[in-house]
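Participant: Before we start, here is the structure in question, set down as structure tokens.
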Amino acid sequence: MPLATFVEEILRKLSMEKYIVLKDGVRVKYDESGQGPAMILMHGWGCKGSTVQSIANIAAEQHRVYNLDLPGFGDSSEPPTVWGVEDYVAMLEDFVAKVGIEDPIILGHSFGGRVGILYSSRHKVDKLVLVDAAGVKPRRSLRYYLKVYTFKAGKMLTRIALGRKKAAERIERMRQKKGSADYAAASPMMRSILTKVVNEDLKAVMPSIQAPTLLIWGENDTATPLRDAKIMERLIPDAGLVSFPGCGHYSFLDNPYQFAAVLRSFINK
């Protein structure tokens with residue numbers, strides 16, 4: 001076993017896996033590791049805390065790290081209703097209050113960045129790190145809208161032709177073929193949540209973020225393109241952008257050594 005893998009496995013075993021029941025009876029699983037000022041990690045859509053474990057290992061060198069499985073992912077329970085970003089922020093507020101965390105560093109990757117942006121616009125945080133983060137509503141082409149409305153028309157015609165029950169299986173096959181991988185892999189509840197949150201634009205709250213903010217991006221990111229990072233850099237008062245050539249939506253995995261150096265420099269000063 002490579003030394004780096006061995007060390008990571010030891011760190012994982014030394015971390016403390018916990019569960020907490022928060023708003024609406026949702027059970028949230030989180031890992032707690034390291035010592036020092038608090039830092040909260042939130043992963044992206046379709047992922048879980050273990051996806052960003054390499055980031056947790058870096059941060060735990062000098063911080064007390066809380067690495068969450070967001071509701072609906074990993075070992076946390078699904079939300080009981082169709083949550084939006086507001087509801088995920090309310091969950092985080094409840095988590096911070098119950099665990100007793102003050103002025104944490106917040107790090108969010110992709111969807112976790114949405115939650116971090118809205119939370120940090122309302123609460124005092126020490127620092128904010130956004131990694132290939134969502135939060136800017138995607139630009140939609142005419143082709144996209146044609147695809148959406150063609151699918152909706154197809155659903156309606158299929159139900160008319162086959163009846164609601166027989167049409168369900170046909171419509172599901174249509175979704176698998178036409179929809180995104182995230183949508184196809186999600187449960188019915190999480191599909192509804194994805195549809196809601198992906199259309200929430202957080203640009204209006206970005207100027208309210210007072211914490212020093214680091215944006216880390218892959219220049220080849222197609223899920224949350226680099227132009228989104230540049231919008232965030234412009235709108236967040238104390239923000240700086242570091243981008244990695246040749247990296248995609250998981251820049252922290254595509255370029256782990258440079259990512260670690262940049263992150264340490266920001267959170268440890």
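Participant: Rank these residues by their accessible area, most exposed first, probe 1.4 Å: V52, V262. Walk me through the intermediate numbers first.
Facilitator: Numbers: V52 0, V262 35 Å².
The most accessible residue leads, giving V262, V52.
Participant: Does the range 223-262 come out rounded, prolate or oblate by the C-alpha gyration tensor, with a ≥ b ≥ c the root eigenvalues, rounded set by a/c under 1.5 and, if not, prolate when a/b is larger than b/c and oblate if not? List each step's numbers first, then the result.
Facilitator: On the way: a/c = 3.04, a/b = 1.54, b/c = 1.98.
Oblate, because a/c is 1.5 or more while a/b does not exceed b/c.
Participant: Using a 1.4 angstrom probe and counting only protein chains, how large is the accessible area of T195 in Å², to 10?
Facilitator: Number for this one is 70 Å².
Participant: Also, I was wondering about something else. In terms of the Cα gyration tensor, with a ≥ b ≥ c the square roots of its eigenvalues, is the range 193-240 rounded because a/c is under 1.5, prolate because a/b exceeds b/c, or oblate? Could you put the intermediate results ahead of the total?
Facilitator: On the way: a/c = 2.42, a/b = 1.19, b/c = 2.03.
Cα axes put the range 193-240 in the oblate bin.
The values are calculated or read from the model by the stated rules, or taken from the named source; none is laboratory data. Just so it is clear, the model here is predicted, and its values are computed rather than measured. Please note that ligands, DNA and RNA were not included when accessible areas were found on the heavy atoms of the full protein model with its side chains. Shrake-Rupley method; radii C 1.70, N 1.55, O 1.52, S 1.80 Å.
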